[in-house]
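A.B. asks: Just dropping this structure here.
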Amino acid sequence: MRTSILSIFLLITFCTSCNEKPLLKEFKHYPNTEKVTSSRSIFKHYFIENAPKNNLKLRKLTDKYSDSIMTYKLSDSLKSIIIMYYTDKNKFWLVNVNENYYGEGYGPEDYYNPRRAEYDYRLSTKGEIWLERIIYENETKKVIPKISFIENKKLEKKHE
C-alpha cells in the first residue's frame, strides 16, 4: 500500500513538472543593466525555468527570446551584446539549482549544472554584425561543459 501511494505521488510530481511551460526570468543577484564594460560590451543574464531538455528545442526557445531582447544598435561605443541563458538543474528529490544561485565572478556560475546558451552579437572591424550561438550540454560538476551546438553567422542590418 505504501509503495503504491509513493509511486502515485512520484508520478504526479513528475507529470506536473513535465507539463510546465518555460519561463524567462532575470537573475535575482545579477540584475540586467545597461552598463557598458571596458571592452564595450553589455552582458545580459537570464534564467529559463522549466527549460526544454532537448537541445534543439532549447535553441529554438532561446532564438525567440534573443530576437526580442536584442534591440541595441551596435557601434564604436557598443561593440557587443552577450546574452546568457541558464537552465534549471534536473530535479532529484526536489533539489533544484535556480536563478537564486550566487557566484563570485562577474556573472552567474552554476557549478552544479552549467547547461546554458550563449548569444554573442558582435560588431566586426568591417562593420558587419555577427551572431555566435552556443548551446552547452547538461553536465554536472564541469567548469566548461561540452558544446552541443555552435554557429557563427553574419546578420542582416536589422540589429544595427
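Values quoted throughout were computed directly from the atomic coordinates according to the rules given, and no laboratory measurement underlies them. On a predicted model such as this, the values are computed, not experimentally measured, just so you know. As a convention, Cβ positions derive from the backbone with ideal geometry for all residues, glycine included, and neighbour counts pool all protein chains shown.
A.B. asks: How many nm separate the modelled label positions at LYS153 and THR125, each set 7 Å beyond the Cα in the direction of the Cβ?
C.D. replies: So the label points at LYS153 and THR125 sit 2.6 nm apart.
A.B. asks: Hey, another quick one. For the pair ASN54 and LYS146, how long in nm is the line joining their label points, each one 7 Å along Cα→Cβ?
C.D. replies: Going from the ASN54 label point to the LYS146 one covers 2.0 nm.
A.B. asks: Amide H of LEU155 versus every other amide H placed in the peptide plane: which residues, excluding those fewer than 5 positions away on the same chain, fall under 5 Å?
C.D. replies: Under 5 Å from the amide H of LEU155 lie the amide H atoms of ILE129, TRP130, LEU131, each far enough along the sequence or on another chain.
A.B. asks: So if I average 1/r over every pair of distinct C-alpha atoms in segment 34-79 and take the inverse, what Kirkwood radius in Å does that give?
C.D. replies: About 12.5 Å for segment 34-79.
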